[in-house]
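The values are calculated or read from the model by the stated rules, or taken from the named source; none is laboratory data. Being a predicted model, the structure only gives us computed values, none of them experimental. Reconstructed Cβ throughout: ideal geometry from the backbone, glycine too, with neighbour counts over all protein chains shown. Note: accessible area is taken over every heavy atom of the protein model, side chains too, but ligands, DNA and RNA are not part of it. Shrake-Rupley method; radii C 1.70, N 1.55, O 1.52, S 1.80 Å.
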Amino acid sequence: MELRERVVEVEKVVHRPATTAASIDRVLDDDQALQKLLNTLRHRIKEGTYRPGGDRNMTWVLRRLTAPVADLLAQIHSSAGTTAYIDPAQAVQAVLGSPRSCRAVLEGLDTMARSGELDGGQHTATLTALDRLVAHTRQQSR
């Protein structure tokens with residue numbers, strides 16, 4: 001009886017799960033994949049089937065998405081040299097849904113007031129609304 005040893009080398013491809021960042025980069029580098037992602041997200045939000053983590057309360061998710069999506073659209077239009085239509089009512093709701101946006105608006109008003117840009121002529125209604133906000137805030141703090 002004779003024993004022979006046979007060594008066979010086999011190359012095996014091991015697929016490691018891609019990191020989230022690598023997956024995002026892959027989608028961003030592929031125009032068709034990016035278009036499919038955006039269309040799918042638009043469709044799921046419109047149909048009410050977008051439920052990250054199975055959460056049934058979409059209000060907070062949509063509020064969190066509103067500002068980044070609005071920024072993205074503004075950047076797209078800026079790069080293309082076009083102007084995006086912004087519905088004032090939707091813009092107000094987007095700002096009011098974000099404490100950071102509310103703070104940015106108030107800080108912007110403060111900057112305008114300090115520089116003299118917030119005069120009584122063009123901004124009379126704004127100053128009236130600001131007076132009401134300050135009065136209401138003072139009443140609540142008592």
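Listed values, structure above:
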quantity	calculated
From 113, 84, 18, residue being open to solvent by less than 90 Å² (accessible area, probe 1.4 Å), at pLDDT below 85 and under 26 Å from residue 129 (Cβ atoms)	84
Cβ-Cβ under 9 Å pairs, at least 6 apart or on other chains, the stretch 22-44 side within 18 Å of residue 69 (Cβ to Cβ) and open to solvent by 60 Å² or more (accessible area, probe 1.4 Å), far side aromatic (Phe, Trp, Tyr) and not in a helix (DSSP H, G or I)	43/50; 44/50
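Residue-by-condition table, conditions (1) open to solvent by less than 80 Å² (accessible area, probe 1.4 Å); (2) over 30 Å from residue 42 (Cα atoms); (3) modelled with pLDDT under 85:
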{"residue": "72", "(1), (2), (3)": "no, no, yes"}
{"residue": "75", "(1), (2), (3)": "no, no, yes"}
{"residue": "107", "(1), (2), (3)": "no, yes, no"}
{"residue": "122", "(1), (2), (3)": "no, yes, yes"}
